[in-house]
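Everything on this sheet refers to the single structure shown next.
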Amino acid sequence: MTTTTNPPARTVDRAQYGLAAFVTVVGIVVLVDALGLDAGFADQPVQPYAFSYAIGSVLVVLGVLLAVATWRGDVAEPEEGEDVDLSGGLDWTTLLQLVAVIVVVVALINWLGWAIMGAFLFAASARILGSRRLLLDVGVGIALSLLTWYGFYVGLGIPIPAGVLDGVL
């Protein structure tokens with residue numbers, strides 16, 4: 001008498017196929033967009049479009065490799081952090097409050113500027129996520145928003161809206 005054992009059923013994670021398709025499509029979009037870039041100066045050893053071709057190609061290859069790995073049965077393991085409660089559901093109240101804060105920042109950043117809205121973003125997010133030290137949160141938010149504003153505007157030359165503080169900063 002012979003016994004046959006059935007191989008274990010292969011687990012297919014459809015979400016991984018979706019991620020593979022997304023990464024591949026983004027890579028293709030980057031490659032197609034790179035076709036429209038102008039050539040730089042002839043004396044440049046690396047032309048501006050080289051990075052777009054490299055990044056787009058890597059994204060396409062990674063998307064295809066993820067699809068192949070998923071087809072072969074590779075499944076990502078869930079996180080098993082010591083302080084992560086995997087049985088708990090999503091806290092919709094916290095998520096919606098954070099989304100509301102981001103919507104307010106996006107709506108008011110041109111008028112009030114990054115220095116004010118960055119401080120608000122940090123302080124409000126910290127408060128929603130459980131901090132009860134309002135003055136410290138506002139102080140850290142002001143410091144971070146001013147540091148990032150000056151870092152981008154002065155250090156990198158990237159204009160960030162100053163809003164009502166235009167001329168003061």
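Per-residue answers, yes or no, for (1) within 21 Å of V168 (Cβ to Cβ); (2) at pLDDT below 95:
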position	(1), (2)
V104	no, no
W114	yes, yes
L121	yes, no
L134	no, yes
T148	yes, yes
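Checking A143 against (1) surrounded by 14 or more Cβ atoms within 10 Å (Cβ to Cβ); (2) modelled with pLDDT of 95 or more, which single condition isn't satisfied?
(1)
Can you say whether W111 is loosely packed, with under 12 Cβ neighbours inside 10 Å and on the phi < 0 side of the Ramachandran plot, as far as the supplied structure shows?
Yes, satisfied.
Okay, residues lined up against (1) free of Cβ contacts under 8 Å to residues at least 40 places away in the same chain; (2) within 30 Å of R14 (Cβ to Cβ):
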{"residue": "V61", "(1), (2)": "yes, yes"}
{"residue": "G88", "(1), (2)": "yes, yes"}
{"residue": "N110", "(1), (2)": "no, no"}
{"residue": "W114", "(1), (2)": "no, no"}
{"residue": "I128", "(1), (2)": "yes, no"}
{"residue": "L147", "(1), (2)": "yes, no"}
{"residue": "P159", "(1), (2)": "yes, no"}
{"residue": "G163", "(1), (2)": "no, no"}
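The values are calculated or read from the model by the stated rules, or taken from the named source; none is laboratory data. Values in this document were obtained by computation on a predicted structure and should not be read as measured data. Note: ideal-geometry Cβ built from the backbone for every residue, glycine included; neighbour counts use all protein chains shown.
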